[in-house]
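These notes concern the structure reproduced below.
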Amino acid sequence: MDVSAIAEQFYTQLQATKPVEFVAVLFGMISVILANRNNVLLYPTGIISTVLYMWIMAKVGLYAESLLNLYYFIMSIYGWAIWSIRKENENPASISHNTFKDWMITVTICIIGAGVLYFVLSRYTDSTVPMLDAIVSATAWAGMWLLAKHKIENWLLLNISNAIAIPLYIYKGIPFTAFLTLFLFIVAIFGYFRWKKQYRMQHAS
C-alpha cells in the first residue's frame, strides 16, 4: 500500500468516525499527557477512554483489545486507589525503578498473558491476527501494572505494545486509532525521560 492509499484510507476513516471514538481519543490523549506529568487525574480521564474503547474494539472485532481496555479500566481504579490510600508522610508521586521481582512479574505477565490470549483467540474467535493481538495486549498489561506502581519502566513496556499496535490498527482499517497510538508512542518517550529526571531529583543528595 503506497502513501497516497494510506492517506486516502485515513481520510475515509476520519469521515466515518463516530462521536464516541472522538471522545475516546480525546480522553485517551489527556490521560497519557497527565501520566507523563505524573498527575493523579490520569486515572479518571483514562477510565472514560477505556470504557468507550471496550465497546469500540469489540465492534471492529479486536477482541483482545477490548479485553485489554477492561484491564486498563480495572488497573486505573487500582492505581487511583494506590495513589490515594497511603501513609501521610509518603510522596504520592514517588517514582522508582523495577526491582528484580518486578522484572520477573513483568516477564511472566508478558509470556503467560500472550500465550493464553493467543490460545483463546486462535481457537475460540474469528480473529485474523491472534498473535499480534495477544502480544499487544500482554505487553500493555505489564506496562499498565508498572504504571500503577509508578515504575519508570512502564513506558518501555507500553511503547513495545504501541509499536506493534500502530501497524495492526492500520491493517484492521482503523487508522484514526493508529494515529492516537502514534501520539501515545511519542508522549511515552517524553514520559520516560521526564520520569527519569524526576527520579534523579527525588534521590538528589
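Read the figures in this text as sums done on the coordinates, not as results from a lab. Since we're looking at a predicted model, the values are computed, not measured. Because the Cβ atoms are built from the backbone with ideal geometry, glycine has one as well, and the counts that use them run over all protein chains shown.
Of the candidates Ile56, Ile33, Ile109, the single residue that is farther than 23 Å from Leu156 by Cβ and under 17 Å from the mean Cα position of the chain (by Cα) is Ile56. Only one of the listed residues (Ile152, Ile164, Ile160) is of a type in the set (A, V, I, L, M, F, W, C), in contact (Cβ under 8 Å) with a residue 40 or more places away in the chain and surrounded by fewer than 24 Cβ atoms within 10 Å (Cβ to Cβ). That residue is Ile152. Where helices (runs of 4 or more DSSP H) sit wholly within the range 98-193, those with at least 2 residues that are basic (Lys, Arg) occupy 100-124.
For every residue, the table says whether it meets (1) over 19 Å from the mean Cα position of the chain (by Cα); (2) among the polar types (S, T, N, Q); (3) loosely packed, with under 14 Cβ neighbours inside 10 Å; (4) within 18 Å of Ala148 (Cβ to Cβ).
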position	(1), (2), (3), (4)
Val23	no, no, yes, no
Gly46	no, no, no, yes
Phe100	yes, no, yes, no
Val129	no, no, no, no
